[in-house]
Amino acid sequence: MRPQCARFWYRERARFWYRERMTLRPSGGAQLTQLKNADVSWGAFDPKAYVKHNYRALQSEDAEILDVVRDHFADHFRRPGVGPVRGIDVGAGANLYPALAMLPWCDELTLFERSPANVRYLKRQVDSYDENWDQFWDVLCEDEAYDSLAMDPRKKFAKTVDVELGDIFDLQRHEGRWSVGTMFFVAESMTNSHREFALGVERFMRALAPGAPFAAAFMEHSKGYHVGDYFFPACDVGESEVRASLEPFADEFIAKRLKSSAAVRNGYTGMIVAYGRRR
Ligand SMILES: C[S@@+](CC[C@H](N)C(=O)[O-])C[C@H]1O[C@@H](n2cnc3c(N)ncnc32)[C@H](O)[C@@H]1O
């Protein structure tokens, strides 16, 4: 057998193993012993199902996160002599609102994502994003920095955003490259390993330049999640693990549980939002 064929069959077998293990898993069951980021078939992530479940209508949790992140970025960039800057949303998936929250101040905005299916979704959104994202933009417009944007947000998004297929663990090649950053539901929602969770936070933080404002969101005590027919792993973290992961890389930051509770999502106990500045 040619090496290429051997690789093909190996990949097929791995895919079969993954499908068997992941699709049939009952929701809320016991966590698999170890499911690392590289074990997961991220190409199976269904952006259409994900958006339909999470972002078709604005949930109170996202509205609360938007309030916090909007005020944090607006306060930072109101200071004289800051911006325009280069921004990054790590593990953007099928969520545009972290990017929208950085939009007014960016002249380049990278949506960095590992799943080819999500990359295709994001690329389709660049020229003119779907209407469901308008309700998220409306919350941001409660601050005049967003409301008084000189350009239509869709035009600014199309002009500024670039979608990049990549792995968070490879970000070490780009230390300090971005001057504002977000990472929502990624470090704890891509593995069930605590080591990989902490390393994910580290890679995100190190990609930011000193002083860069950041915002990150985390599912609290998540047991993993379904997107369409597939199950994806999560790392069980609470406020203390989130704080400990950020502390070495941030000077002043806040990490707090949201007051809002889940309407459509399940399998976790709450959400944590963290924001501050890169050390
Ligand atoms: C729960 S989703 C969060 C998506 C989005 N940020 C949001 O707020 O809804 C987790 C995302 O992390 C991405 N991801 C998983 N492993 C990754 C990696 N190694 N590097 C970059 N992104 C990754 C997944 O493809 C998926 O889009």
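Just so you know, all these numbers are worked out from the coordinates, no wet-lab data involved. Small disclaimer: the values here were computed from a predicted structure and weren't measured. Please note: Cβ atoms are built from the backbone with ideal geometry, for glycine as well, and neighbour counts cover all protein chains shown.
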Completion exercise
Note to self: Kirkwood Rh of segment 120-267, Cα pairs, one decimal, Å, is 17.4
Exercise for the section: Take the Cα of Asp167, step 7 Å along the line toward its Cβ, and report every residue of segment 192-227 whose backbone nitrogen sits under 20 Å from that point. Expected result: 192-208
Problem - Partners for Lys256 among aspartates and glutamates (Cα-Cα distance below 17 Å; same-chain residues under 8 apart left out) - result: Glu61, Asp62, Glu64, Asp67, Asp71, Glu188, Glu220, Asp236, Glu239, Glu241, Glu247
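Using Cβ counts within 10 Å as a stand-in for footprinting exposure, how do Leu109, Leu149, Leu171 rank, fewest first?
Numbers: Leu109 26, Leu149 16, Leu171 22.
So the ranking, lowest neighbour count to highest, is Leu149, Leu171, Leu109.
Between Ser261 and Glu175, what FRET efficiency follows from the Cβ-Cβ distance if R0 is 35 Å, with the result rounded to 0.05? List each step's numbers first, then the result.
Numbers: r = 37 Å, r/R0 = 1.07.
My answer for the efficiency is 0.40.
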Practice task
Determine which residues of segment 201-229 fall in the zone a paramagnetic label at Arg79 would reach in this model, i.e. backbone nitrogen under 14 Å from the point 7 Å along Cα→Cβ.
Solution key: 209-214
Completion exercise
Largest-first semi-axes in Å of the equivalent ellipsoid built from the Cα gyration tensor of the chain are 30, 20, 19
Exercise for the section: Return the lysines within reach of Lys259: Cα separation strictly under 23 angstrom, same-chain partners fewer than 8 residues apart disregarded; answer none if there are no such residues. Expected result: Lys223
Exercise for the section: Obtain the nm distance between the two label points defined at Glu247 and Ser60 by a simple spin-label model: each point lies 7 Å from its Cα along the Cα-to-C-beta direction. Expected result: 3.2
Problem - Helix-derived mean residue ellipticity, 222 nm - over the chain, DSSP H n ≥ 4, -39500 (n - 2.57), to 500 - result: -11500 deg cm²/dmol
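Using only C-alpha positions, report the orientation-averaged shadow area of the convex hull of segment 170-254, nm², one decimal. If you can, show how the numbers build up before the last one.
Details: hull surface 22.6 nm².
Result: 5.6 nm².
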Practice task
Mind giving me the FRET efficiency for Ala150 and Asp71? R0 is 25 Å, r the Cβ-Cβ distance, nearest 0.05 is fine.
Solution key: 0.75
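Distances over 12 Å make up what percent of all Cα-Cα pairs in segment 208-256?
Numbers: 806 of 1176 pairs.
It works out to 69 percent of all Cα pairs.
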Fill in the blank from the handout: For segment 40-179, the count of lysine pairs 8 or more apart or interchain whose alpha-carbon atoms are under 15 Å apart comes to 4
Problem - Residue-span extension gain [Arg124 to Ser240] - 0.36 nm each, minus C-alpha spacing - result: 38.0 nm
